Amino acid sequence: MSFLDQVDRDGYEQVVVFRDPEVGLKAVVAIHNTRRGPSLGGVRMWPYASLEEAVQDAMRLAWAMTYKAAVSQLPFGGGKAVIIGDPARHTRPALLTAFGRLVNSLGGRYITAEDVGMRVKDMSVIRRVTRYVTGTSVQSGGSGDPSDMTARGVLAGMRATVEELDGGGRHRSLRGLRVAIQGLGKVGYRLAELLFREGALLTVADLNQSLVRRAVKAFRAEPVSKQAIYRVRCDVFAPCALGGVLNATTIPRLRCRAVTGAANNQLAEPRDGERLHRRGILYAPDFVINAGGLINIAVGFGPGGYNRRRAERRTDGIYRTIKQVFQLARAKRQSPAAAADRLAEQRLNSGRRWKGPRR
C-alpha cells in the first residue's frame, strides 16, 4: 500500500515531513483526527533507519492517540511527531527551536509534549517559540514528566484486568501476583516500583542491564533475557518498551493469563488481538490502559492550568474504562481489542465537532 493510499484509508488529516539542514532537523508531524479537538501527542526522538520508517511510526502513533483521547473522553484529537536522531548525540537547543517553529506553523492543530528520547526541559525550549506545547516543568506551572501518571493508570487497569480474571469482583489485591515486565524505562521502572509496593512478584527484562540490576536490588525482581521474558510463567505480561511486541511469533510463546502494559501499539497488526483472544489471554488494550500520560498533559493544557489531584482522579478512571471494555466484549462476544476500538469510535463520533483553532 502506498503512503497516499494509507493516508486516505485511515483518514489522516495531515502528514508533514520537515527538514532544516542548517540545524540537522528531520521531523514528521502526523495529525490523524481533530474531530474532538486539536491533536495532542508527544514528540519522540529516535534513530530511525529511514524516513519511511519515521513516517510510519508517526502515523501509527497518531492513530493510537486519536483512540486514546476519545476513549478517555478528552477534548483532543490524535497527533504525533517524531524527530530522526539519537537523543544522546544530537545538539538540542537549535534543533528544538526549529521543531518548535514547525509546531507553531500548524496554528494550533497540533499540540506537542514529551515522549521517548525527550525531556521535560526540552519542552521548555520548545515553549520559547510556540504556545502549542504542554508537559513543561512543574516549577513553571506545567504537568511535568508524564511517566508517573502513565504507570499509575497501568496499575489501575491491571487491577481491573485481574478482577476480570477472577470473575469480575472489585478491589482485588495484587499481592502475590506474578508480573513479567518487559522494559524498565521511565514508565516500566515506575510500574515495577508501584507493583512491588502492592506485594506483587516481579520478573524483569531490559536491554540496559544496569536497570535490570537496579530492579533486582530494589524490588527483589527475577532477571531474565529479552527473549525469555515471553516464556515466563506469570499472571500478567506487561510490555513497557516499544510497540509491535505482540505478534504471530511471540503470542504462541506467552505463558500468562493477561497482558496489561504501558507500551504503545503493542499489537503488530489488528488480528493479533484475536490471536490473544483465541488463546484465552485477556488483553487490556494499550490505548486504554496507558492513557495516564495523555490525561496528565491534557489536564496541563486545559483551563485553569495543571492540577495534579485532577490528573490523578482522571487517571484512576482508567479502572472503570477497562471494566467497560471487558463488559462490552462479553456483550458483543468479541475480543477486548475489538471492543475497545468500538468504544473509542462511539466516543469519537459523539458530541460537538471541534471547529478549529481560534484566530
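A cut-off under 11 angstrom between Cβ atoms defines the neighbours of S143, and their net charge, with Lys, Arg +1 and Asp, Glu -1, is -1.
Quick one: Cα centre-to-centre distance for the stretch 277-295 and the stretch 101-172, in angstrom? Taking the Cα centre of the stretch 101-172 as reference, the centre of the stretch 277-295 is 17 Å away.
Of the solvent-accessible surface of the stretch 262-359, computed with a 1.4 Å probe and all protein chains present, 44% belongs to carbon and sulfur.
First measure r as the distance between the Cβ atoms of R271 and L51, then evaluate 1/(1 + (r/R0)^6) with R0 = 22 Å and state the FRET efficiency to the nearest 0.05.
Efficiency at R0 = 22 Å is approximately 0.20.
Antiparallel as a % of all DSSP beta bridges within the stretch 1-134, to the nearest 5? Bridges in the stretch 1-134 are about 55 percent antiparallel.
With a 1.4 Å probe and every protein chain kept in, tell me what percent of the accessible surface of the stretch 62-181 is carbon plus sulfur.
48
For E22 and Q346, a Förster radius of 45 Å and the Cβ-Cβ distance give a FRET efficiency of 0.45, rounded to the nearest 0.05. Against the chain, whose longest principal axis is taken from its Cα atoms, helix 147-165 shows a tilt of about 40°. Solvent exposure of the chain, expressed per residue, is 45 Å² of accessible area, with all protein chains present and a 1.4 angstrom probe.
When the chain is treated as a GNM, springs tying every alpha-carbon pair under 10 Å, which of V55, V120, V17 comes out with the largest mean-square fluctuation? Top of the fluctuation ranking is V17. Each of A69, A88, L51 was scored by the projection of its Cα onto the charge dipole of the stretch 46-90, and the greatest displacement toward the positive side belongs to A69; charges sit on the C-beta of Lys, Arg, Asp and Glu. With a ≥ b ≥ c taken as the square roots of the eigenvalues of the C-alpha gyration tensor of the stretch 134-288, please select rounded if a/c is under 1.5 and otherwise prolate if a/b is larger than b/c or oblate if it is not? Verdict is rounded for the stretch 134-288.
Peptides 143-156, 329-342 ranked from most to least packed, by the mean per-residue count of other Cβ atoms within 10 Å: 143-156, 329-342.
Residues with beta-carbon under 14 Å from that of E114, excluding E114: net charge, scoring Lys, Arg +1 and Asp, Glu -1? Present the calculation step by step, with values, prior to reporting the outcome.
Numbers: positive: R44, K80, R92, R119, K121, R127, K186; negative: D115, D122, D145, D148.
Here the count lands on +3.
Restricting attention to the chain, close to 30% of DSSP beta bridges with both partner residues there are antiparallel. Once the Cα atoms are used to define both axes, helix 336-348 deviates from the longest principal axis of the chain by about 40 degrees. Give me, ordered by chain and number, the residues 5 or more places off A263 or on other chains with an amide H under 5 Å from its own placed amide H. It is C240, A241, by chain and number.
The values are calculated or read from the model by the stated rules, or taken from the named source; none is laboratory data. Keep in mind it's a predicted model, so treat the numbers as computed, not measured. Methodologically, a virtual Cβ is constructed for each residue, glycine included, from the backbone with ideal geometry; neighbour enumeration extends over all protein chains shown. The area values use the complete protein model at the heavy-atom level, side chains included, leaving out ligands, DNA and RNA. Shrake-Rupley method; radii C 1.70, N 1.55, O 1.52, S 1.80 Å.
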